[in-house]
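The values are calculated or read from the model by the stated rules, or taken from the named source; none is laboratory data. All values derive from a computational prediction rather than experimental measurement. Cβ placement follows ideal geometry from the backbone for every residue including glycine, while neighbour counts extend to all protein chains displayed.
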Amino acid sequence: MSILVVGSVALDSIETPFARVEETLGGAASYFTTAASLYSQVNLVAIVGSDFPREHLDFWRKRPVNLTGLQICEGPTFRWGTRYHMDMNARDTLYTHLGVYADFHPIIPDEYRNSDLLFLANIQPELQMEVLEQAHTARLTVLDTMELWIMTTHAQLTEVIKRVDILLMSEEEIRQYTNRASLVSGVHHLLDLGLKYVVVKQGCYGALLFSADGTFFSAPTYPLEEVIDPTGAGDAFAGGFLGYLSTVENGSNGQYSFEDIRRGVVHGNIIGSFVCEDFSIGRLRTLTMDNVANRYRALVECSHFDPNWHFGR
Ligand code: AMP
């Protein structure tokens, strides 16, 4: 199965309490594409400016990544700057320069049209909607977003949420979007918009999965001793999640079981943990399925507990 993704491809400048990098490859679609291409073919729809370093494209050309839908236009590439706190679950955005994204309209090439899975990575909701309008055949649609769009384009974002199957949001974003103190109440509000699942990303604490039928799963996190840079963990999470689902045979009609979705969330956590081990997509460049399988086993081990407990024994 192939995965169609639309989202940002960017040059990021990142400051953590311990190091900083300038103009490194970033963008939601970049992390997603690199992560998901470990599993399956990824069809990328995005835009970069004429200043975008060609070496990044050369890297993706060595992976199962189709770049036909990547527009290269006169003007500056999207740029984003951030500074992390000592608690690296928190960061401040220093600037967001949309550059060529300001006038971007995604065009889905004919050869992408029968992509099985669609990921609307973080970008303006109106662009996500333009892609949804063109991608009628996708059997599963998954959406991500971020604070800027929640705050500035709430109504458009709501229209997109109503049209997709699964929403990925951080705990803080759910509170911002729903304006509810209780996370679970916020999730129910989102499910009432017609979603099948809501995945709550909790940074280094793992992820929660809520289904419209009331089922719930708490996915463990892999304890990293050292986090170099958490940027892109959410997008890499999505890459692991959809990447795994793209390998599930009985999902070819878009009907995934709760077990499939659970395993997808675990893959998301695993890939999200790897991306934090280096700046940019550094760790994803060398990551292998053996590495993923080892971490999968470690998570099973650390989260499994005895189901046969009885009071008084
Ligand atoms: P994450 O850490 O998963 O939230 O993703 C961070 C990535 O999203 C960075 O590489 C940024 O280039 C990109 N990004 C930041 N702000 C935006 C935005 N408003 N729209 C789209 N992408 C963004």
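Exactly one residue among Thr178, Thr231 is over 21 Å from Ala298 (Cα atoms), touching a Gly at 6+ places or on another chain (Cβ under 6 Å) and at pLDDT 95 or above, and that residue is Thr178.
None of Glu159, Glu172 is without any contact (Cβ under 8 Å) to a residue 40 or more places away in the chain, in a helix (DSSP H, G or I) and more than 14 Å from the ligand (Cβ to nearest atom) except Glu159. Applying the condition of being surrounded by 22 or more Cβ atoms within 10 Å (Cβ to Cβ), within 16 Å of the ligand (Cβ to nearest atom) and modelled with pLDDT of 95 or more to region 110-126 and asking which residue is nearest to Ala29 (Cα to Cα) yields Ala121. Just one of the listed residues (Val199, Val292, Val275) is under 26 Å from Asp165 (Cβ atoms) and touching a Pro at 6+ places or on another chain (Cβ under 9 Å), and it is Val275.
Only one of the listed residues (His136, His105) is free of Cβ contacts under 8 Å to residues at least 12 places away in the same chain and either closer than 17 Å to Asp235 by Cβ or not in a helix (DSSP H, G or I) (or both). That residue is His136.
Number of residues in region 287-313 that are exposed (fewer than 10 other Cβ atoms within 10 Å of the Cβ) and closer than 19 Å to Ser37 by Cα equals 2. Of the helices (runs of 4 or more DSSP H) that lie entirely inside region 230-299, those containing 2 or more residues that are away from the ligand (no atom under 16 Å from the Cβ) and either of a type in the set (S, T, N, Q) or without any contact (Cβ under 8 Å) to a residue 40 or more places away in the chain (or both) span 258-275. Say whether the condition of being touching a residue at least 60 places away in the same chain (Cβ under 8 Å), more than 14 Å from the ligand (Cβ to nearest atom), more than 15 Å from the chain's Cα centre (by Cα) and closer than 30 Å to Val248 by Cβ is met by at least one residue in region 23-41. Within region 23-41 (the criterion being touching a residue at least 60 places away in the same chain (Cβ under 8 Å), more than 14 Å from the ligand (Cβ to nearest atom), more than 15 Å from the chain's Cα centre (by Cα) and closer than 30 Å to Val248 by Cβ), the answer is yes, since at least one residue qualifies. Restricting attention to region 134-156, the residues that are within 11 Å of the ligand (Cβ to nearest atom) and more than 14 Å from the chain's Cα centre (by Cα) add up to 7. If you go through region 46-66 and keep only what is part of a strand (DSSP E or B) and closer than 18 Å to Gly282 by Cα, you end up with just Val65. Residues that are under 17 Å from the mean Cα position of the chain (by Cα) and closer than 13 Å to Lys201 by Cβ: does region 240-250 have at least one? Looking through region 240-250, at least one residue is under 17 Å from the mean Cα position of the chain (by Cα) and closer than 13 Å to Lys201 by Cβ.
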